[in-house]
C-alpha cells in the first residue's frame, strides 16, 4: 500500500508541477511578505527587523496563505470529479483511499512549500537590508540570533500541523462536490463562518483553525523581549491538528468510497 | 476458451431508479461483445461497474475467474478502460498524460506505441487542452491500450471519430481480438459498426438483459422478404399475387419486393422459372441488427 501511495503521490507532484496555480499561490504570498515592508520597514535595527518577520509571517501565511492553501486543496479532488479525469487514476491498481492520501500528502507538501517561501523571503529581506543580531533590552541581549532563528524554525515546523488539518479539511470538502467553484466557496465560507462564531459560542479551543497562529506566539514574544513557553500550546496544536486531520481524511475517504464515478 | 467476464445478479440502484436489474451474463476470452440498448438502458452503468468506478448495489462480478472487488489491484492492470467522453489533464501533453497513467500502474511501457496505434504520434507533444473531440477519443483509446490489456471495456469507442478514424479503430479492435485474443466488451449505438465487429450482441432494456445472441446468427438471410430482378415485373407481380403462399408484392424501381407467408425463397424461384420469366435475381433480404433490436424491444 505504501508503494502505491508513493507512486500516486509522485503522480500528483508531477501534475502539480505543471499547474500554474501552484506557482501563482507562491507568488501571491511572496508579494504579501514584501508588502509588509510598507507597514513594518526594515531599518538596520535588530528589534524592528525581527518585528518585520513576526508581522510578515502570520500576515502572509495565516491570512493569504491560508486562503491559497484552502483554494488549492479544495480544487484537488473536485476538479477531477468534475472533469472525469479521476477515472484515469482509479481504473489503475490504486484504491480510492490511497488516491486521497496521495492528495493529502500533496496538500501538505504545498503547505510546506508556502511556509518555506514565506520564511525565505521574510528572512532574506532583513538579512539583506536590516540587522538580525538578536533582541536586546537596555543594551543587554535577551535573545540571541540563534534563539530567534530556532524559535522561528520550530514555529514553522509546528505550523505544518494545523496547515495539514486545513489541507485535510479542504480536501474533504473537495470530495463532496464535482464543482470546483462550489468546493472552494464552501471551504472558504465555512472556515470564515467558524472564525466568526467560534468565540461567541465558546468552541474556539475545539476548532482546528484556532491553532493556526499558535506556532508563531513564542517567536512574537521573543521579538518583544518577552520569554514564552512552547508548552502546553505545542501539545494543543499537535493533538488538535492530528485529530482533525484524521477525522477530515476519514470523512473524505468515506465520501469518495461511496461515490459512483460516472463521467 | 475460458470465461473472461461473469456477472451474477448484478444490480445497481440510484435512489428510486433501478439502473441495472439482476443482470447475469458471461463473456468468453477473445470474444467481442456489444451491450446494446436505448439511452438509459443501463449499458454504461454496467460497464462502469465492471471497471470498479461504480459500486453495484447487489450481485457479483468475476473477471478472469476472480471477484473484481476483492482482487481489484491484481485485475485492474489487465483491463483497459475507455469511459464515455474521456477526460485528461488538459495542461499536459498527450505523451505526458499517458506516461502518468503508466506510472500509476507502475509499468514500463512504450507510450509512443500506444499513440502510434491510434494515429496520434504526430500530436504527442501537443497539450490535450487543444485536442478536438476525435483526438481526445483516440487518446482515450491509446490510454486503454497502453498496458497491453487482456480485456478492453469501451464505452462508445467511436464517439466523435470521423469515418476514417472509425474504420481504423474498428479494424484495430477486431485485430486485437483475432490476433491477441483480447476480450472486448463495448457499448455502442452504431449498429452498422457493431455488425462488423462483434461476435455477440447483448440487448439491455430498462436494466434487464433481454437477449444475448451471436451476431452471425442474427444477420442471417430472411427468406420471407425477397427481392426479385425479373424481365416483366408487372405481369409477374399479378401472377404472384394470386398465389396463396405470397403475402404481398410491391414493385419498386423495376424490382419486385415479395413477402412470403413462409421462409421459402426457393419455392418462389421455382415458380417464376416454371412460369417462363427471365429471372436474373432472387435475393433474400439480409436481416440487420436494427431489425433484431426492434423485434426484441417489440417496436
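Tabulated values for the structure
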read-out: Lone unmet requirement of (1) more than 21 Å from residue B:84 (Cα to Cα); (2) outside any helix (DSSP H, G or I) for residue B:119; value: (1)
read-out: Selection from segment B:78-104 of residues that are part of a loop (DSSP other than H, G, I, E, B), at the interface with chain A (Cβ under 7 Å from one of its Cβ atoms) and over 28 Å from the mean Cα position of the chain (by Cα); value: B:89, B:91, B:92
read-out: Residue A:74 over 22 Å from residue B:105 (Cβ atoms), surrounded by fewer than 20 Cβ atoms within 10 Å (Cβ to Cβ) and away from chain B (no Cβ under 14 Å); value: no
read-out: Top-ranked residue in segment B:105-121 [being over 19 Å from residue B:173 (Cβ atoms) and touching a residue at least 40 places away in the same chain (Cβ under 8 Å); ranked as nearest to the other protein chains (Cβ to nearest Cβ)]; value: B:105
read-out: Residue count, segment A:95-111 (criterion: in contact with a helix residue (DSSP H, G or I) (Cβ under 6 Å, 6 or more places away or on another chain) and either more than 15 Å from residue A:253 (Cβ to Cβ) or not in a helix (DSSP H, G or I) (or both)); value: 4
read-out: Residue in segment A:99-113 that is surrounded by fewer than 19 Cβ atoms within 10 Å (Cβ to Cβ), more than 14 Å from chain B (Cβ to nearest Cβ) and more than 27 Å from the chain's Cα centre (by Cα) present; value: no
read-out: The one condition in (1) outside any helix (DSSP H, G or I); (2) under 30 Å from residue B:43 (Cα atoms); (3) modelled with pLDDT under 85 that residue B:263 fails to fulfil; value: (2)
read-out: Complete set of residues in segment B:139-169 that are within 22 Å of residue A:90 (Cβ to Cβ) and part of a helix (DSSP H, G or I); value: B:139, B:140, B:141, B:142, B:143, B:144, B:145
read-out: Checking residue A:8 against (1) in contact (Cβ under 8 Å) with a residue 24 or more places away in the chain; (2) surrounded by fewer than 19 Cβ atoms within 10 Å (Cβ to Cβ), the condition it does not meet; value: (2)
read-out: Residue within segment B:17-38 that is more than 10 Å from every other protein chain (Cβ to nearest Cβ), without any contact (Cβ under 8 Å) to a residue 12 or more places away in the chain and not in a loop (DSSP other than H, G, I, E, B) present; value: yes
read-out: Members of segment B:42-76 that are out of contact with any helix residue (DSSP H, G or I) (no Cβ under 7 Å at 6 or more places or on another chain), crowded, with 17+ Cβ neighbours inside 10 Å and at the interface with another protein chain (Cβ under 10 Å from one of its Cβ atoms); value: B:44, B:45, B:48, B:49, B:51, B:72, B:75, B:76
read-out: Complete set of residues in segment A:13-31 that are within 30 Å of residue B:77 (Cβ to Cβ) and within 10 Å of chain B (Cβ to nearest Cβ); value: A:14, A:15, A:18, A:19
read-out: Among the residues listed as B:270, B:246, B:226, B:282, the single one being free of Cβ contacts under 8 Å to residues at least 24 places away in the same chain and in contact with a helix residue (DSSP H, G or I) (Cβ under 6 Å, 6 or more places away or on another chain); value: B:246
read-out: Scan of segment A:248-263 for residues that are outside any loop (DSSP other than H, G, I, E, B) and either in contact (Cβ under 8 Å) with a residue 60 or more places away in the chain or in contact with a strand residue (DSSP E or B) (Cβ under 6 Å, 6 or more places away or on another chain) (or both), ordered by number; value: A:248, A:249, A:251, A:252, A:253, A:255, A:256, A:257
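The rows are residues; the columns are (1) within 25 Å of residue B:96 (Cβ to Cβ); (2) part of a helix (DSSP H, G or I).
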{"site": "A:16", "(1), (2)": "yes, yes"}
{"site": "A:25", "(1), (2)": "yes, yes"}
{"site": "A:29", "(1), (2)": "no, yes"}
{"site": "A:43", "(1), (2)": "no, no"}
{"site": "A:47", "(1), (2)": "no, yes"}
{"site": "A:55", "(1), (2)": "no, yes"}
{"site": "A:60", "(1), (2)": "no, yes"}
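The values are calculated or read from the model by the stated rules, or taken from the named source; none is laboratory data. It should be emphasised that the depicted structure is a prediction, and the values quoted were computed from it without experimental measurement. Cβ atoms come from the backbone with ideal geometry, glycine included; neighbour counts cover every protein chain shown.
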